[in-house]
Amino acid sequence: MAASRSTPRTASQSYRRQALIWLIMTLLLGVVTALIWMFSQTPAMGAKIENAPISAPQPLSAELEQPLKIESLHELDTDVQPISFDTTVRDLRNYPAEFKDKRYLLANKGKWTVQVMNVAENDVIVSYLEGRADRNKFAYFRYLDDENQVRYMLTYGS
């Protein structure tokens, strides 16, 4: 005797069939949506598109005249005063006691010294001196190098 196919379907077969139905319906709705979008984006059948001929732009030389010479460049001389570089601008930071100036150099003229470092940042020398117990034997200076950049030089000895 042959067994009849009247046995109930398993749950996995039912889920598989339901997923297949949903997939087919989604694909059909996607195709319908794409067709509707394509037909709504095309122009009407009877519409006529007219393009104007492209021509070169006309020169505007008559409207815009370029100046041939500039009469005066000193329009703002009374409003903005020129900067005077004759005086030296003082650096008003709080330096440690080891920072010296021109008077120190003139007072110790002819005595020996050893250059320890030459840097562009004041903080490098200050942090180096903070870790030294013999700070009183050091002196450092601020000067302008050949390219007019501010430099700091630390020396040891007098």
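The values are calculated or read from the model by the stated rules, or taken from the named source; none is laboratory data. Note that the coordinates shown come from a computational prediction; the quantities given were computed from them, not determined experimentally. Reconstructed Cβ throughout: ideal geometry from the backbone, glycine too, with neighbour counts over all protein chains shown.
Among residues of the stretch 72-124 being surrounded by fewer than 10 Cβ atoms within 10 Å (Cβ to Cβ) and of a type in the set (Ser, Thr, Tyr), the one that is modelled with the lowest pLDDT is 88. Beta carbons closer than 7 Å, at least 6 apart along the sequence or on distinct chains, pair a first residue in the stretch 103-118 that is at negative phi and basic (Lys, Arg) with a second that is surrounded by 10 or more Cβ atoms within 10 Å (Cβ to Cβ) and modelled with pLDDT under 70 for 111/158.
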